[in-house]
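Engineer: I have a structure I would like to understand better, so I am pasting it below and will then ask my questions one at a time.
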Amino acid sequence: QVQLVESGGGLVQPGGSLRLSCAASTSIRSMRAVEWYRQAPGKARVLVATMSTSGDTNYLDSVKGRFTISRDNAKNTAFLQMNNLKPEDTALYSCNAELLLFASPVIRNYWGQGTQVTVSS
């Protein structure tokens, strides 16, 4: 079955940068709206960034100016560029995207299993 796979997480020092990727596990027709979430230990999952099908973006206030969501339509891959990372950014980051598969005319949401981002000196 088609799944979303996140990558790019890791351990980084405060002030550092990471670029997260979100791609389908197999070929798809298209990726549409995309959302990035994060969940820290003991905390609720929070919407960090979103991109509509048309390309409009929105961000959590605490990451504005530091994070950038993007989508490569040719590769059907979404990204989250994270700059000037802070310890409070430490969390499991997950992607949720609307996918249109070749075998179905119905657009459905898919989740990835997440990639861990740890910001620590």
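Engineer: Which of the strands (runs of 3 or more DSSP E) found entirely inside region 1-103 contain at least 2 residues meeting this: within 23 Å of Ser120 (Cβ to Cβ) and open to solvent by less than 40 Å² (accessible area, probe 1.4 Å)?
Structural biologist: Answer list for region 1-103: 10-12, 18-24, 30-39, 46-51, 77-82, 91-100.
Engineer: Please count how many residues of region 79-95 are under 14 Å from the mean Cα position of the chain (by Cα) and over 14 Å from Phe67 (Cα atoms).
Structural biologist: Final tally of qualifying residues: 4.
Engineer: Does Ser121 satisfy being open to solvent by 20 Å² or more (accessible area, probe 1.4 Å) and either within 12 Å of the chain's Cα centre (by Cα) or small (Gly, Ala, Ser) (or both)?
Structural biologist: Numbers: open to solvent by 20 Å² or more (accessible area, probe 1.4 Å): yes; either within 12 Å of the chain's Cα centre (by Cα) or small (Gly, Ala, Ser) (or both): yes.
When the stated conditions are applied, Ser121 passes them.
Engineer: Hey, can you tell me all the residues within region 35-53 that are of a type in the set (D, E, K, R) and under 9 Å from the mean Cα position of the chain (by Cα)? Don't jump to the end; show me each part of the working.
Structural biologist: Step one: list which residues in region 35-53 are of a type in the set (D, E, K, R), which gives 35, 38, 43, 45.
Those that are of a type in the set (D, E, K, R) and under 9 Å from the mean Cα position of the chain (by Cα): Glu35, Arg38.
Engineer: Looking only at region 77-121, which residues are in contact (Cβ under 8 Å) with a residue 24 or more places away in the chain and among the basic types (Lys, Arg)?
Structural biologist: If we filter region 77-121 for residues that are in contact (Cβ under 8 Å) with a residue 24 or more places away in the chain, which is where we start, we get 77-102, 107, 110-121.
Listed by number, the list holds a single entry, Lys86.
The values are calculated or read from the model by the stated rules, or taken from the named source; none is laboratory data. Computed from a predicted structure; not experimentally measured. Don't worry about glycine lacking a Cβ; one is built from the backbone with ideal geometry, like all the others, and counts go over all protein chains shown. Quick note on the areas: whole protein, heavy atoms, side chains included, nothing else; ligands and nucleic acids left out. Shrake-Rupley method; radii C 1.70, N 1.55, O 1.52, S 1.80 Å.
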